[in-house]
Structure formats: structure tokens, C-alpha cells
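Report on the structure given below.
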Amino acid sequence: EGGEAAAAPAVRLFSRDGAAVAEEVPNAAAWQDGAVLHIGAARYRVERNPPALTELRLPRSLLAGFPVCPKVSAEFAAPQHCLFRWYREQRPAGGGDAPGEAWVEAAEGERVFTPSNALVGLRLKLRCTPGDGEQRYGPAREVESSGPVEAGPGACTFDNRHLYTKKVCGRGSVRAVSYNILADTYAQTEFSRTVLYPYCAPYALEIDYRQNLLKKELAGYSADLICLQEVDKSVFVDSLVPALDAFGLEGLFKIKEKQHEGLATFYRRDKFSLLSQHDIAFSEALLSEPLHKELCDQLAKYPLLQEKVLQRSSVLQVSVLQSTTDPSRKICVANTHLYWHPKGGNIRLIQIAVALSHIRHVACDLYPNIPVIFCGDFNSTPSSGTYSFISSGAIAEDHEDWVSNGEEERCSMALSHPFKLLSACGEPAYTNYVGGFHGCLDYIFIDKNALEVEQVIPLPTHEEVTTHQALPSVSHPSDHIALICDLKWK
């Protein structure tokens, strides 16, 4: 209040080589890395867009022998250029109270850390320094696990399968996986716990526990393509993407609007790049795409069935990938999960007809003659109309599946498609094994003209599947079993 206001300090900006930056230089040019801002006697180094972490999280559940994959989000940095240091708690000496802050380094440089049995009972801490690959690093952040490492379940159904998939397969081959991973939405209902899976320990149905098994299982398959069904949005974002990204895979997601779960397709980054995506919801496509007009008009003659088909929220995910080593090689990867009801064979026939004509549009019109790999949970056994339609190329109008839900829903259509599709893993005794049902519902269909099967990874033995009565169990994360095969171009 009285007295003169203090004189404002002199402010000058100097470039990296010490020259003063003129007042009229525009901001974009003036503020360069390494420039120095003088404010009075103080000096500030200018760093443009320094690497910074926006999120660093560890999964809630940690199991010995299972990979811990942190979720890392950053600005001006990428997880593969960040520095990672893992620490474990110090064991209390002489059984007294543990000193809170005694951490011992457990591993350096590994983005994914697999705790050993020796760490059971101890918490983990991760220190991450964000980097941009240009030798620039930002401020480090630390995160501690919310609980200790717990003992793993011992042998899992997929351990023996991993013996066949230790390495990524060669350049001319593609390892494909199709797997319904059991959405949390369905695993944790009262009905699931008491009626569907009463034999499964409640803790083994919890999402955090199952995620541990799932990430280890998928990482161990060293796959080039993974098509998953029943993927919760949060599981995709917080669990699968960070984990599979660390193992070299890029992920795409298509949600079923009403269910909060959907389809995910992952592809190996150094083998494929994404050219385009052509996802659809069956009911929407049927009504709005000119492609399906004829089918839509035919279906309109059967209003009861039409209504049921249009109520379903089933979707189809279609991705066109290009080989990174041979750009002339492109592939159409389709992934779906058809309607589940045992009497819904007629609905599944309509859904698969829409799927196949959409795939035909992509693989014949948009990208002429590219091979097709069509994965999914088709909810159809090998004796069904759907399976026979896919494999033979046609379905007769008097097929019994047109009356799967009784005469009043009868719908008689003769349908065909142009593909020559083969079930790459054959017709296993079952791909789904629960208390009250087992059967083959999942398939990887391949274009016979362009692709052949190099090897099929054996499914778990019946003894392994039934060790804990049925699936899911403490040693298997889903009620389905993953299908895995190695394919090669003809």
C-alpha cells in the first residue's frame, strides 16, 4: 500500500546455443528443447512435451507363477520405451512387525514380472520412468500392489498346451486362437454361482483371479491372431490390452450395446498391420444395409422370427490385415458370437447368413480374393444347420433347424454362400464343458482354397478338464476351451 511496486524482474529467452530469442519470434519456434528462460536471476530449462505417465496401475490380484502386467498410460512416451524396476517387500526379521518401507529390488528392465513362490505373502512395488525412445525420460512414478502375492493353483489345463507353443511360428505361418473367455457379467451372478457352476470355488469365479489365469494362458500361446468372445469392456481396456501389448499384440474391440461385453481381436504387430475394420451388429445391418435387402424381405414374411432376430444384440467383428513382410498378402479375420438359446437354431441361421454375406462383401468386393479366417462361438454343434450351412455352402428350406422353436416360428428359406470353409480344428468332442452340458460350439473356419492346417494344438485331456468336475475351475478361467491351430498359405 504505500511505497513503489517492486520492479518486475527482467524476462529473457535464450536458445540452446545461447543466443537471445527476439520478441517477434512466434511461440512455436521460440520454445525449443534446451532453450533457457531467464526470469531475473532464476534460470529455467525448457523441455517441450516431456515424457509423462498419466496412469500406472497394478492388477488387484497377484499369483505366484503368473505374469504381472502393469497398466501404463503415458503422454509423449510409449510403454516399450519406459524403464521398469520391480521391488518386493522385505520379510520381517524374527517375525516382528514388518518395517513399512523396506523394499528390495526384485527385477530390473522387465515390463512384465512373474513373481516366484518365494514372494508369496509379500507385496510388490513398481517404479516406472517414462521414455520416448529418443533418450528422453520424464519423472518416475511408483505404485504398490494393494495386496500380497498369493500362491498359484498349481497345474493348469493349459500348461501342457504351452509346450507346443513356446515360440511364435515362422513367417509363412499364422497361429490362430479362438476363445470364449466367459464375461464377468455372466460369471458372477447368483444363478451362475448356484446353478451353472456350483462346483467352482467362488473365489475362482472372481474376475481378478480369472484374469491372472487368462493372461498367462494367452501369453503362452505365442499367437499371431487371437479372437475372443464375451470380453467385458473393462477387462479389454484394463487387463487384456496392457498384457497382450507387452507380448507384441495389438487389440480391437467391438461391444454388444446391451450387454457391456463383446468381441476382441488381437493381432501380432510385427507380422500384421490393420488395413480396415468392418464391424456390424446383425440386427442393424439386416435393416439398413442394401446388401441384406433380399434376406430382410424374406424374413419379413415371418414376423415372429423377424422380431426375435431383431431383438438380439449379437455382433460380427471383421478386420482386414496385411502382412508386414509381404504386403501382397492380406487376410480377412472375422470373429462372432451367435445367439445361445438351445432352441434358437433358426435365429442362428439368419445371423450366420448375414455374417457370411457381409464377409463376402469384404473379402470378394472390397478386397477381391483375400483369404478368410472366421472364428467364434457359434453356439452350434457339428450336427446343426448352422455348421452344415457354413461347411457345405448351402442350407435347404426344409432343414429341421428352420423349425427349431416349433411350427409357429417356421421359416423356410434356401440360403447359400460362395466360400469353401473348413473347420481347422475339426470337430472336437467338446469345446464347452459345464455341469449340465458339454459339446463342440467353437470353431476356426478357414478358406480351404488359400490356407491349410499345419498343426492343431491338442485340447486338454478329459482328465485335465474334469479334475475339478467341470469348467470353469481354479485351474481354468472359462467354461470354454481355447482352440489353437497353426495355418499356412497354400
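The values are calculated or read from the model by the stated rules, or taken from the named source; none is laboratory data. Bear in mind the structure is a predicted one, so any value in this text is a computation, not a measurement. When we count neighbours, we look across all protein chains shown, and the Cβ atoms used for this are built from the backbone with ideal geometry, even at glycine. The area values use the complete protein model at the heavy-atom level, side chains included, leaving out ligands, DNA and RNA. Shrake-Rupley method; radii C 1.70, N 1.55, O 1.52, S 1.80 Å.
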Open item on the list: Which count do you get for residues in the stretch 184-203 that are buried (at least 18 other Cβ atoms within 10 Å of the Cβ) and not in a helix (DSSP H, G or I)?
Closed with: 2
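Would you be able to tell me the number of residues in the stretch 119-158 that are outside any strand (DSSP E or B), open to solvent by 20 Å² or more (accessible area, probe 1.4 Å) and closer than 30 Å to VAL465 by Cα? Before the answer, list the steps.
Of the stretch 119-158, the ones outside any strand (DSSP E or B) are 119, 121-123, 130, 132-136, 138-140, 145-148, 151-158.
The next check asks that each one be open to solvent by 20 Å² or more (accessible area, probe 1.4 Å); those that pass are 121, 123, 132-136, 139-140, 146, 148, 151-155.
Keeping just the survivors that are closer than 30 Å to VAL465 by Cα gives 121, 148, 151-155.
Total satisfying the criteria: 7.
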Open item on the list: If GLN298 satisfies all but one of (1) part of a strand (DSSP E or B); (2) in contact (Cβ under 8 Å) with a residue 60 or more places away in the chain, what's the number of the condition it fails?
Closed with: (1)
Open item on the list: List pairs: first residue in the stretch 424-452 and farther than 13 Å from VAL465 by Cα, second residue acidic (Asp, Glu) and assigned to a loop (DSSP other than H, G, I, E, B) anywhere in the structure, Cβ distance under 8 angstrom, at least six positions apart or on different chains.
Closed with: CYS440/GLU427
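Can you confirm whether ILE226 is over 27 Å from VAL168 (Cα atoms), crowded, with 17+ Cβ neighbours inside 10 Å and not assigned by the TED database to the domain that holds LEU62?
Values: over 27 Å from VAL168 (Cα atoms): no; crowded, with 17+ Cβ neighbours inside 10 Å: yes; not assigned by the TED database to the domain that holds LEU62: yes.
No; evaluated as a whole, the condition is false for this residue.
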Open item on the list: Considering only the stretch 141-149, I want to know if a residue exists there that is touching a residue at least 24 places away in the same chain (Cβ under 8 Å) and under 24 Å from SER314 (Cβ atoms).
Closed with: no
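Can you give me the number of residues within the stretch 70-116 that are farther than 18 Å from ARG127 by Cβ, at pLDDT 90 or above and in a loop (DSSP other than H, G, I, E, B)? Reasoning before the result, please.
The first filter runs over the stretch 70-116 and keeps only residues farther than 18 Å from ARG127 by Cβ, leaving 75-76, 91-99, 116.
This time we only want the ones that are at pLDDT 90 or above, so: 75-76, 116.
Those still in the list that are in a loop (DSSP other than H, G, I, E, B) too: 76, 116.
The total comes to 2.
What do you reckon, is SER478 over 24 Å from LYS271 (Cβ atoms) and in contact with a Ser or Thr (Cβ under 9 Å, 6 or more places away or on another chain)? It would help to see each step written out before you state the result.
Numbers: over 24 Å from LYS271 (Cβ atoms): yes; in contact with a Ser or Thr (Cβ under 9 Å, 6 or more places away or on another chain): no.
It is false that SER478 is over 24 Å from LYS271 (Cβ atoms) and in contact with a Ser or Thr (Cβ under 9 Å, 6 or more places away or on another chain).
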TODO: State whether the residues of the stretch 357-365 include one that is without any contact (Cβ under 8 Å) to a residue 24 or more places away in the chain, surrounded by fewer than 24 Cβ atoms within 10 Å (Cβ to Cβ) and closer than 23 Å to GLU284 by Cα.
DONE: yes
TODO: Please verify whether the stretch 457-468 includes one or more residues that are without any contact (Cβ under 8 Å) to a residue 24 or more places away in the chain, farther than 22 Å from VAL168 by Cα and acidic (Asp, Glu).
DONE: yes
